[in-house]
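Structure record follows, encoded as structure tokens.
Computed from the coordinates by the stated procedures, all read-outs in this text should not be read as laboratory data. All values reported here derive from a predicted model rather than from experimental measurement. Positions of Cβ are backbone-derived with ideal geometry, glycine not excepted, and every protein chain shown enters the neighbour counts.
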Amino acid sequence: MQPLDWVMIGGYFLVVAGIAWWASRKQDTTEDYFLAGRNVGFFVIGSSLFASNIGSEHIVGLSGQGATTGMAMAHWELHAWLMVLLAWVFVPFYYRSGVYTVPEFVEKRFGPSARMLLSVVSLVAYIFTKVSVTVYAGAVVFQALLPETFGSPEMAFWVGAFSTVLLTGVYTVFGGFRAVLYTDTIQAVILLTGSACITAIGLSKLGGWGELQNTLAPYAKEFALWRPNSDPDFPWLGVMIASPIIGVWYWCTDQYIVQRTLSAKDLKNARRGALWGGFLKSWAVLIFLLPGMIAFALFKSDLIVLPTKEGGDLDGDLVFASTVKALLPVGLRGLVVAGLIAALMSSLSSLFNSSASLFTVDLYEKLRPARSQKHYVNVGRVATVVVVALGLLWIPVMKQVAGGGLYQYLQQVQGYLAPPITAVFLLGLFYKRTNLAGALWGLGLGFLLGMGKLTVQTFYGHDDPKKSADPALLADIGDFNFLYYCGVLFAVSLVVVLVASWLTAPPRQDQLDGLVYGQISDEDRAELAQARGPFEYALSFVVVGLVLGMYLYFSFWL
């Protein structure tokens, strides 16, 4: 890192500080603090959706996956089509219900206890997966880029982790959701620019697209988009079952994402924002996954050096930082590091604000009703500080658990959390007989089964010498492919929700009106009609077309 690189990074922090100061001037109500006053346009919403999704774990993890498993994880990055589903199917229900959070919508559809359960599950998931994984990924890059700046690589890791978390926590606490949204817009530009530069410079150094294909051709089996069902990690059937289940949960039901659409000035902007975010997401494979494959090709052509583990395998989590060091000139390197910091801070700020929203609106306000708006805003700030602290405390554990394959680990955890939530939401929207008992049993039992599998696979397995193979049953469960388990858990959750709903009383009419397909009034239909037009249809077709085009091309490119 040279002085010009630090100037670029310093300039980025000055911009973020200015936006946070501007946003903090009007934070008098919970609507201001958690939803930016519900007055945000589609461009900012879509940019924020993209920037919040592409965290440091994406940039670091996807580059590593590209270098070690090729296109295997591309299916998760081609989920832009699910944002079309968010725009047309889910957003109308969320936005017209006037809720602050997704669990609040669940309360309207099912009841208070379902809201409470979903809030607790979401908070646990945020603190112990998303926050810690995001921080870990960013700290790994500090460790690789600045190994001696703070005395040792280990010290660089912790300085990077603590400084970015604390800085992000400060502007999130004071700036609220408005600061999150507008810094996300700046960060989206930096992310796209920096990552596109890595792709372009890497291809140029390698000799172009044709040379990339020629270099990877001998490894076509390892780098293929589609793997045979005998593949132990990414069987194609398991991918096609699990990735949409995880995608529907993440893009259509998770407070972390949906909160952006709830801040829109009207339903049309909420829908357009989701579609604009889908358009930006469509390019993720080319600018985040592809650089890892380019790095592998450069490594095999002896044009750059990449770190390896014991046994000679590439250390995927260090590929991104090593590529930045090897390829980028002074100044541009600082811009890309600023982009990584932008990704880290964007994801963290979104997580912090979403967690504060869940705690304040869904838990605290229920226990302490009829307090002033200013009181709830202050509680939200305190909740943000607590989430920051818990995320930091979990980093040492996360550092041990993550090892390598950070992005794959994250997808495994999400694969165990997503199925019951996806099942409850889909049945809740499309099947009016689904009731509170079904939602509670589905969410509760599904969460226990998912966390049970995660716990078992952490300690039991046949092939890993660090795990126990006795008893054999637990080792078999631990080794059972996470993609297939995601599908099994989804099916079990569906059955549990349906059976519990059939065995108990049907929901009240007020839990159905405007909250279930087939129970929409003529007035609501008129509002929905006003929120769609040529722009929305055209952008939807562009997003779906880009996804299909990439699937078609990368299915046969090697």
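Descriptive notes on the structure:
- Fewest-first sequence of Ser355, Ser521 by Cβ atoms within 10 Å of each Cβ: Ser521, Ser355
- Reciprocal of mean inverse Cα separation for segment 500-558 (Kirkwood radius, Å): 15.6 Å
- Put in line by how crowded their Cβ is, counting other Cβ atoms within 10 Å and starting with the fewest, Asp464, Asp522, Asp362 read Asp522, Asp464, Asp362.
- Angle between the chain longest axis and helix 56-69 axis [Cα atoms, degrees, rounded to 10]: 60 degrees
- Model label points for Phe43 and Tyr431, set 7 angstrom from Cα along the Cα-to-Cβ axis, are 4.4 nm apart.
- Computed over the chain, the Cα gyration tensor eigenvalues convert (square root of 5λ each) into semi-axes of 36, 28, 24 Å, ordered from largest to smallest.
- Computed [θ] at 222 nm, deg cm²/dmol, the chain (DSSP H ≥ 4; -39,500 (n - 2.57); rounded to nearest 500): -23000 deg cm²/dmol
- Put simply, the amide H of Thr149, placed in the peptide plane, has no neighbours under 5 Å, leaving out anything fewer than 5 places away on its chain.
- For Leu440, neighbours were defined as the other residues whose beta-carbon sits under 14 Å from its Cβ, and their charges (Lys and Arg +1, Asp and Glu -1) total +1.
- Note, ³J(HN,Hα) from phi for segment 533-542, Karplus 6.51, -1.76, 1.60, rounded to Hz, x at Gly and Pro: x, x, 4, 5, 5, 5, 5, 5, 5, 5
- Here the Karplus curve 6.51 cos²θ - 1.76 cosθ + 1.60, taken at θ = phi - 60°, turns the phi angles of segment 273-285 into couplings of x, 4, 5, 5, x, x, 5, 5, 5, 4, 9, 4, 4 Hz, with x standing for Gly and Pro.
- Phi to ³J(HN,Hα) by Karplus 6.51 cos²θ - 1.76 cosθ + 1.60 over segment 153-164, Hz, x for Gly, Pro: x, 5, 5, 4, 4, 6, 4, x, 5, 5, 5, 5
- For the chain, the longest principal axis of the C-alpha atoms and the axis of helix 406-430 are separated by about 20°.
- Ranking of Glu536, Glu211 by neighbouring Cβ atoms within 10 Å, starting from the fewest: Glu211, Glu536.
- Residues whose placed amide H lies under 5 Å from that of Ser468, excluding near-sequence neighbours: Tyr460, Gly461
- Selected from Gly247, Ala51, Val91, residue furthest toward positive end of dipole (segment 3-554; charges at beta carbon): Val91
- Residues whose placed amide H lies under 5 Å from that of Leu314, excluding near-sequence neighbours: Lys309
- Cα long-axis angle, helix 112-125 against the chain (0 to 90 degrees, to the nearest 10): 10 degrees
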